[in-house]
Each structure stands twice: as C-alpha cells, then as structure tokens.
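What follows is a single structure, written as structure tokens, with notes after it.
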Amino acid sequence: MLGFNRRFAPASIYAANISKDTTNVKHIIYRVRGDSVPENHWLNDMSIGGGRLLGEAVHFLDWMTWVIDQEPLNIQATRAIKDPDCFEITVSYSDGSLGTLIYSMMGSPDIPKENIELSMGSTTVIIDNFQRLQIIKKGARKKTLKLSGKGHKEQLDFFQKSIKTGSQVHPSAADGVRATACAIAALQSMKTGSMQMLDQSLWLAKGSL
C-alpha cells in the first residue's frame with residue numbers, strides 16, 4: 001500500500017465513483033510538475049529509488065488504472081532528450097480507454113503539482129491538485145467541490161481497520177505488480193521508441209503472488 005495514498009484521497013473516491021457509474025470509454029490526462037530534489041537524493045539513485053518513473057510516476061500509473069478499472073494492454077512512452085525526467089506515457093486499456101501521464105520538471109515551480117482531467121461521454125471531471133474537484137456535464141451547471149488531501153490519513157485509517165477486522169486491503173500485491181510492469185514497459189518504450197505490450201499473466205496468473 002505504501003505510496004499509493006492517492007487512491008484514498010476524497011477527490012479520488014468521488015471521481016472513481018463517477019467513473020464506475022458509466023460504461024463509456026474514458027480518457028485521463030494526468031499532469032505532474034515534478035518537485036526539485038538534490039542530485040544525491042535517494043530517488044535519483046537508480047539502484048534504490050529507480051528514478052522519477054519507477055520511484056514516483058508508478059503511483060500515478062496505478063491511479064489511472066484504478067479509476068478506469070480496466071486491464072492495461074500496452075504502453076507508448078517518450079522522454080525529452082535533454083531532460084530524461086520529463087516524459088509522457090500513454091496507457092491503452094482493454095475497453096478502449098486511454099490514460100496519459102505527463103511528467104515534467106519544466107515550467108514554473110509555483111504551479112500546482114498535479115492536475116487531472118477525466119473525460120467520459122459528455123462529462124469531464126477535473127481534480128485540481130487534490131484540493132478541488134469540478135464536474136462539468138453537457139447542458140448542466142458546473143459543480144465544484146472542495147475535497148482536499150492526498151489520502152495519507154485515509155489510507156492509514158483503512159490499513160488500521162483492515163488489521164483489526166481482517167478485511168481485504170488495496171492496493172493488493174497484484175496491483176503493485178501491475179503498476180510496476182507498466183512503469184518498466186514505459187522505460188522500455190522510451191529506449192526502443194516502440195509500443196510495448198504488457199504480459200497480464202504477471203499479475204493475473206493464479207499463485208504467482
């Protein structure tokens with residue numbers, strides 16, 4: 001469960017419920033403005049932190065898959081030649097949905113770190129840095145909700161409850177393998193310049209975890 005707290009954010013729960021209530025294909029655009037860290041930060045150590053993609057972006061890939069609630073099929077990714085910490089990843093899902101992650105170190109550090117657009121049918125849900133959520137529907141008045149927090153407290157509360165009651169936790173080990181497989185495929189796509197197919201048996205095969 002470590003690091004996957006955004007699943008538990010109030011705005012995430014609201015958006016996921018809207019997503020699951022429709023059978024339309026979806027497109028998520030998840031933009032992240034990466035925080036600056038010292039060169040010797042553990043995240044930059046490829047043997048420990050795995051770099052920006054494996055160490056941080058993997059959590060955003062998990063979030064998109066969780067909200068879309070479909071299995072990822074393939075990954076197409078590219079990165080800036082002069083700044084490998086700036087990259088774009090597109091995930092294609094089994095129902096035709098798309099998830100696009102844009103991670104950049106460029107631009108002003110004063111802009112909000114995360115902005116998400118979830119589009120489906122004639123509805124768009126916008127999450128503004130996990131502080132505000134907007135629901136925009138064709139022919140309806142725009143709805144704005146203040147739902148702050150990135151889910152840290154909610155995740156710990158859920159974990160504590162699962163220990164006391166024995167209830168099933170999420171993300172599961174399979175969820176972690178799936179997100180990691182997506183991140184590794186994205187790295188391979190950046191190296192080869194080609195789309196990478198995902199081996200779903202890594203997380204779906206019985207007894208593999």
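Throughout, read-outs are computed from the coordinates displayed, never taken from laboratory work. Not measured: the values here are computed from a predicted model. Neighbour counts run over all protein chains shown; Cβ positions are idealised from the backbone, glycine included.
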* Among A57, L198, L156, pick out the residue whose Cα is farthest towards the positive end of the charge dipole of the chain, where Lys and Arg carry +1 and Asp and Glu carry -1 on C-beta, about the Cα centre. => L156
* Asked: Rounded to the nearest 0.05, what FRET efficiency is calculated for S104 and S172 with R0 set to 41 Å and r the Cβ-Cβ distance?
  -> 0.85
* To do: State the number of lysine pairs found in segment 5-204 whose Cα atoms come within less than 22 Å, restricting to pairs 8 or more positions apart or on distinct chains.
  => 20
* **Normalised per residue, the volume of the convex hull around the Cα set of segment 5-204 (Å³)** => 147 Å³
* To do: Please order W42, W66 by the number of other Cβ within 10 Å, starting at the fewest.
  => W42, W66
* To do: Would you kindly calculate the translational diffusion coefficient of segment 56-143, applying Stokes-Einstein with the Kirkwood radius from alpha carbon pairs, for 25 °C and a viscosity of 0.890 mPa s, and quote it in µm² s⁻¹ without decimals?
  => 168 µm²/s
* Span-like helix ranges in the chain, DSSP H, alpha carbon extent 18 angstrom or more, Kyte mean at least 0.5 -> 173-192
* Structure fact -> Contour minus Cα-Cα span, D45 to K153, at 0.36 nm per residue, comes to 36.0 nm
* Added length on full extension, which subtracts the Cα-Cα distance from 0.36 nm per residue, Q131 to E71 -> 18.8 nm
* Point-to-point label distance, I81-T22, nm (Cα→Cβ direction, 7 Å offset) -> 3.9 nm
* Structure fact -> Each label sits 7 Å from Cα toward the beta-carbon; between T144 and M197 the label points are separated, in nm, by 4.7 nm
* **Average Cα contact separation per residue, segment 5-204, under 8 Å, 6 or more apart, as relative contact order %** => 28 percent
* Structure fact -> Out of A140, A173, A16, a Gaussian network model of the chain with alpha-carbon springs under 10 Å gives the largest mean-square fluctuation to A140
